[in-house]
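The block underneath contains the structure these notes are about, expressed in structure tokens.
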Amino acid sequence: MIITVTLNPALDKTIEIDEFKIDCVNRISSTRVDAGGKGINVSKVIKELKHESMALGFLGGDCGNQIKNYLDRLNINNDFLTLKGETRTNIKIFDKVYNTHTDVNESGPSLSKEDITNIKEKIAEHCKEDSLVVLSGSVPSGVDISIYGEIIKSVKNKGGKVILDAEGELLMQGIKAGPYMVKPNVEELEKAFGVSINNQAEVIEIAKKVLEYGVKYVVISQGSEGSIFISSDKIAKVKGLKVEVKSTVGAGDSMVAAMAVAIQEKYSFEETMKLACATSTANVMTEGTQTGRLVDIEKLKKEITIDYITK
């Protein structure tokens, strides 16, 4: 079973405004609302890929109820803990005239020590020896930066595997706990290691340092330029595909979802790369935080090109 953990979910409201201007009245041309938060996005994509997951985390208030109902309608398994506060709302502003995407995200409700204890117990309750746990996204205020590292150690003690997708100290502390796979972008790598990365060789050099902590795979997403996949014995660059971009929200989450499915199904290194990049590309072809369509993913897989890099 794939388990996704979203400690800071959100109701994502995507609004489309033509020629968006600061300090002016802007008219909305369209609006859509989706359940969001990185782990939830991963579960949505796993469902599109015809696999099952269990979504865990915290929900509160009317927004939390909307997310719960949304997931239930999609038949996505979920077992969220209830908070007294209100689940946050994130605003995504898309301007198709200027081709810009602007995010305005709330911080979300704070968590108590009891809440943290309860979510750790909830994850342990669902985690089995063959479980794959996806830890992704930000955490609410009141949560220590060691939280992902602590969960990783707990999952590994039960024989499970972890995919980590975080940033800053959350990422660094998680890496030190040795998850199975890490998926940072270049900026997140820079922040985690306190360095400036200027070229592909430096990306690979820093990624190899991640492997030293016991991580089996590092996947560095580079937006439209593609991705770099690194293991102890392979380094490969997958070139980005040129498609019409409607929204970049959730592209990284789509990649994580595809990799989770690939790990569960024991796909080869190359099959994993193709599915991950095709799924991420299909995501940017849709509006808001909608998932890419499976039919598009299957077509895009055939267009993926892979270059292996000599170590």
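The values are calculated or read from the model by the stated rules, or taken from the named source; none is laboratory data. Predicted model, so just to flag it, every value in this text is computed and none were measured. For neighbour counting, all protein chains shown are included, and Cβ atoms are generated from backbone atoms with ideal geometry for every residue, glycine included.
Side notes on the structure shown:
- Candidate set: the stretch 4-33, residues that are part of a strand (DSSP E or B) and among the small types (G, A, S); chosen: the one farthest from E121 (Cα to Cα): S30
- Residue under evaluation E129, criteria (1) within 27 Å of G194 (Cα to Cα); (2) among the acidic types (D, E); (3) touching a Gly at 6+ places or on another chain (Cβ under 9 Å), criterion not met: (1)
- So I3, is it crowded, with 20+ Cβ neighbours inside 10 Å and touching a strand residue (DSSP E or B) at 6+ places or on another chain (Cβ under 6 Å): yes
- Single residue of V256, V249 found to be aliphatic (A, V, I, L, M), modelled with pLDDT under 90 and crowded, with 24+ Cβ neighbours inside 10 Å: V249
- Of all residues in the stretch 283-293, none satisfies being farther than 26 Å from H101 by Cα, among the charged types (D, E, K, R) and either modelled with pLDDT under 90 or under 20 Å from the mean Cα position of the chain (by Cα) (or both).
- Among all residues of the stretch 85-107, there is at least one that is part of a loop (DSSP other than H, G, I, E, B), under 25 Å from Q173 (Cα atoms) and of a type in the set (G, A, S).
- Residues in the stretch 145-184 that are outside any strand (DSSP E or B), among the acidic types (D, E) and under 16 Å from D253 (Cβ atoms): E167 alone.
- Take the conditions (1) within 22 Å of S254 (Cβ to Cβ); (2) modelled with pLDDT of 95 or more; (3) surrounded by 12 or more Cβ atoms within 10 Å (Cβ to Cβ); (4) of a type in the set (D, E, K, R); K50 misses just one of them, which is (3).
- Which listed residue is at pLDDT below 90, outside any strand (DSSP E or B) and among the polar types (S, T, N, Q), from S280, S224: S224
- Yes/no for I197 being within 22 Å of P179 (Cβ to Cβ) and at pLDDT below 95: yes
- From the list T82, T117, the lone residue that is among the polar types (S, T, N, Q) and in contact (Cβ under 8 Å) with a residue 24 or more places away in the chain is T82.
- Any hit, the stretch 286-294, residues being crowded, with 17+ Cβ neighbours inside 10 Å and outside any loop (DSSP other than H, G, I, E, B): no
- Hey, G142 more than 15 Å from Q222 (Cα to Cα), in a loop (DSSP other than H, G, I, E, B) and at pLDDT below 95 or not: yes
- Of all residues making up the stretch 217-263, the number that are of a type in the set (D, E), under 18 Å from G292 (Cβ atoms) and out of contact with any strand residue (DSSP E or B) (no Cβ under 8 Å at 6 or more places or on another chain): 1
- Listed conditions (1) within 18 Å of the chain's Cα centre (by Cα); (2) within 20 Å of I2 (Cα to Cα) are all met by D103, apart from (2).
Residues are listed down the side, and each one gets a yes or a no for (1) touching a residue at least 12 places away in the same chain (Cβ under 8 Å); (2) surrounded by fewer than 22 Cβ atoms within 10 Å (Cβ to Cβ); (3) more than 15 Å from the chain's Cα centre (by Cα):
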residue	(1), (2), (3)
V182	yes, no, no
E205	no, yes, yes
G223	yes, yes, no
K239	yes, yes, yes
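- Of everything listed in (1) within 25 Å of K161 (Cβ to Cβ); (2) modelled with pLDDT of 95 or more; (3) assigned to a loop (DSSP other than H, G, I, E, B), the single unmet condition for D130 is (2).
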